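Inspection log for the structure reproduced underneath, given as structure tokens.
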Amino acid sequence: MNILFIGALPEPITGQSLACQVLLSELVKTNEVKVINLSKNTFRQGISSIGRIIDIFKIIVNGWRNKANKNIIYFTISESYAGNLKDILIYLICYKQLSKMIIHLHGGAGMRDIMQGKNRLLRWLNNYFVNKLGAIIVLGNSHTDIYSNVKNQSKIHIVPNFAQDYLFTTTALIQSKFATTRSIKILFLSNLLPGKGHIELVQAFMALDEATKAMIEIDFAGGFESPEQEHAFLKLIEGVKQIGFHGKVGGDKKKKLFTEAHIFCLPTYYPYEGQPISILEAYASGCAVITTDHSGIYDVFTDQVNGFSVIKKDTNSLKTVIVDAIKSPELLEKMAMNNLLTAQKNYTTEIYNTKLMQIVNLFSAE
């Protein structure tokens, strides 16, 4: 098939850009694919500079030039209000091809605000266009109601995220990790954006008594929105020997951090959260997980089965759960084993691509 692929690709690495890259690698094996890259050189949502406005103008022009004679237009949509206006422009230039367009929502919380929010015009425009689309992909059951106004609900497909193949561990390595425990290693691996919960994790650690602190090591890895935010975070953890910061990581370094961690912690309330790939990567790596009931997380996470749930923005809740967790290494190991099996059964790149290609192939006969 002849496909127009409109999506964000690395760099920078985000859950969305990683997911786009995995699908694109599969599509190009058997199809002719024209790519329009939506990525920008910042983690900030919305339109944050004149340069980005110029980039969006180029995206719209590129879409106009390449929309013709396509069997499918695959499009990863935005969740910010400014990004949504860009999406509406893309709907407009592809108006006659909307029945061939597949949109993929990699978030959830932000799009719910747009589709069900107070801005009536924006709500009406989005509902008008999405009803003309060929297919809508969401990450989990909790996101299907975002598109409750779509008349043909069979257009909505659920495709959960994945963990990259190289991060999958073994039961033997999990057993070894917990058998040699001298301290409990907690990992926060995500871009350190406002709302991701990294500040609350540091505050929870600082509130622990000295004896408990001595039993814990915390590793942070990821990028920041700005140098100012990075400087403030490094100042916050300065001199704390149990806390390490590794910056942006990938490949062997990322695998090592995940493999050595006993607990993965993402106490997120990020406004554009969807279904964090990092949680599924933690499953594949044999970690118990501490997280929140936010956006689509509970589609893939069950409290006391995959790990422990904490209250959003609540340092005391996080502190209490950390204390309870480190007292129960046997329970952590049981959760880690269960999470590996869960990831092997449900969250591989093969399963992810197979489900997406089934949707893509619905258009091949048209």
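The values are calculated or read from the model by the stated rules, or taken from the named source; none is laboratory data. Being a predicted model, the structure only gives us computed values, none of them experimental. So basically every Cβ, Gly included, is an ideal-geometry build from the backbone, and we count neighbours across all protein chains shown. Note: areas computed on protein heavy atoms with side chains; ligands, DNA, RNA excluded. Shrake-Rupley method; radii C 1.70, N 1.55, O 1.52, S 1.80 Å.
For region 101-180, the fraction of C-alpha pairs farther apart than 15 angstrom is 64 percent. Using the 1.4 Å probe convention, the accessible area of region 121-253 works out to 46 Å² per residue with neighbouring protein chains retained.
To put it simply, the accessible area of the chain at a 1.4 Å probe is 53 percent carbon and sulfur. Each peptide among 124-133, 331-340 gets the average number of other Cβ atoms lying within 10 Å of its residues, and from highest to lowest they stand as 331-340, 124-133. Here, the chain yields an orientationally averaged convex hull projection of 18.0 nm² when only Cα atoms define the hull. Across the chain, the relative contact order, built from alpha-carbon pairs under 8 Å that are at least six residues apart, equals 17 percent. When Rg and the Kirkwood radius Rh are both evaluated on Cα atoms of region 82-128, their ratio Rg/Rh stands at 0.96.
P(r) tail for region 64-207, what percent of Cα pairs lie past 18 Å? Value for region 64-207 (Cα pairs over 18 Å): 67 percent. On the basis of the beta-carbon distance and an R0 of 30 Å, L92 and S226 show a calculated FRET efficiency of 0.35.
The distance between label points at S328 and T302 comes to 1.5 nm (points 7 Å beyond Cα on the Cα→Cβ vector).
Local charge for S295 was computed over the other residues whose Cβ lies under 13 Å away, with Lys and Arg +1 and Asp and Glu -1, and equals -3.
If you average the C-alpha positions of region 101-157 and of region 201-223 separately, how far apart do those two centres end up, in angstrom? So the two Cα centres are separated by 39 Å. Here the calculated FRET efficiency for N71 and L173, from their Cβ-Cβ distance with R0 = 45 Å, stands at 0.55, rounded to the nearest 0.05.
Pair-distance distribution P(r) for region 224-366, from all Cα-Cα distances in 5 Å bins starting at 0: 2, 9, 15, 17, 21, 17, 9, 6, 3, 2, 1, 0, 0 percent.
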